[in-house]
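Notes for the one structure printed next.
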Amino acid sequence: MKRTIQAPNGVDIPQLGFGLYKIKKGESFEKTVEEAIRIGYRHFDTAKIYGNEAALGRVIQKSDIPREEFFITSKAWTTDLGYHATRKSFEQTCQRLNVTYLDMYLIHFAGAHYVDAWKVMEELYDEGRIKVIGVANFEVEHLEHLKKHARISPMVNQIETHPEFQQRELHDYMVKNQILHEAWGPLGQGSKELLEHPELLAIASKHRKSVAQVILRWHLERGIIAIPKSSNPRRIQENSDLFDFELNAEDMEQIRRLDTGKRYSVSPTGLMVNPIYVKIMKLFSRP
């Protein structure tokens, strides 16, 4: 669990994190995060829109583990993009988490005013309030546009990535431009089809590991930060047991051939006109 990957500014990021999307606050949330901490997870990924920042902050504080041992990520939602709005949203996130700084802060989507939001994030980085600044769900066109206006380049891009949607073109672009690749939905959002794929089952059997462990190890071998999520204690433990085996070149090539270009979620560009997204936007735009 100590394996880290270095951001362009030299900050060490735990390469295996714990995602909190759709894990609802409450007693079950607390037990899930407590179990993850007990097993050894220290990198936690949340966001304003997940609605569980305050709950995460309480569990971390209750753990009695020093704040600096945790790597906490949150994100600015699309309705909070803009010079003043992003700074306000960042401060509110810190208040909810009960922290004075974030280890990583991301722009959740390339919504309107993301360039202005980035300028604020650069300032917060200069002030020492954020250790790593980055984006999520950005395509090459968004990264290129931001590059023209940014003083500091994004250090991370968190994007949907799994064996059937490997993001190879975007991955190569990010490697070339020194932007770390972070995978959300690294297990294909628990897709039964993916987790029971015959080729993955064969690789897993060879290594005496589960398919989930093989997929997560594949992410690590590609130099990707992975943030799986689960509320099942057995799976939380299983997802962390990745450091006693390696995939060989043949394994990696087999998995590479599984890429079908199939997203399990809506594309970032399509999201902007998705009716569900529009409803969420209206909800979070209310005072």
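The values are calculated or read from the model by the stated rules, or taken from the named source; none is laboratory data. Treat the numbers as computed from the prediction; the structure is a model and nothing was measured. Cβ placement follows ideal geometry from the backbone for every residue including glycine, while neighbour counts extend to all protein chains displayed. Side chains are part of the model used for accessible areas, which takes the heavy atoms of the whole protein and leaves out ligands, DNA and RNA. Shrake-Rupley method; radii C 1.70, N 1.55, O 1.52, S 1.80 Å.
For the reader, a short list of remarks on this structure follows.
- Residue in region 234-244 that is surrounded by fewer than 15 Cβ atoms within 10 Å (Cβ to Cβ) and either of a type outside the set (D, E, K, R) or in a helix (DSSP H, G or I) (or both) present: yes
- Of residues in region 207-231 being touching a strand residue (DSSP E or B) at 6+ places or on another chain (Cβ under 7 Å) and small (Gly, Ala, Ser), the one surrounded by the fewest Cβ atoms within 10 Å (Cβ to Cβ): GLY223
- Residues located in region 65-78, provided they are of a type outside the set (Phe, Trp, Tyr) and buried (at least 21 other Cβ atoms within 10 Å of the Cβ): ILE72, THR73, SER74, LYS75, ALA76, THR78
- Boolean, ALA204 is open to solvent by less than 50 Å² (accessible area, probe 1.4 Å), of a type in the set (Gly, Ala, Ser) and within 19 Å of GLU139 (Cβ to Cβ): no
- Selection from region 15-41 of residues that are of a type outside the set (A, V, I, L, M, F, W, C), over 13 Å from GLU238 (Cα atoms), in a loop (DSSP other than H, G, I, E, B) and open to solvent by less than 30 Å² (accessible area, probe 1.4 Å): GLN15, GLY17
- Filtered residues of region 113-131 (kept if among the β-branched types (Val, Ile, Thr) and either over 21 Å from GLU68 (Cα atoms) or modelled with pLDDT under 95 (or both)): VAL115, VAL120
- Scanning region 124-146 for residues that are in contact (Cβ under 8 Å) with a residue 12 or more places away in the chain and open to solvent by 10 Å² or more (accessible area, probe 1.4 Å) returns TYR125, GLY128, ARG129, LYS131, ASN137, GLU139, VAL140, HIS142, HIS145.
- Of all residues in region 184-201 being part of a loop (DSSP other than H, G, I, E, B) and closer than 24 Å to VAL140 by Cα, the one that is farthest from the chain's Cα centre (by Cα): LEU187
- Filtering region 165-183 to residues that are more than 24 Å from SER265 (Cα to Cα) and either open to solvent by less than 20 Å² (accessible area, probe 1.4 Å) or not in a loop (DSSP other than H, G, I, E, B) (or both) leaves only LYS176.
- Positions within region 244-287 being among the small types (Gly, Ala, Ser), under 18 Å from LEU170 (Cβ atoms) and modelled with pLDDT of 90 or more, in sequence order: GLY261
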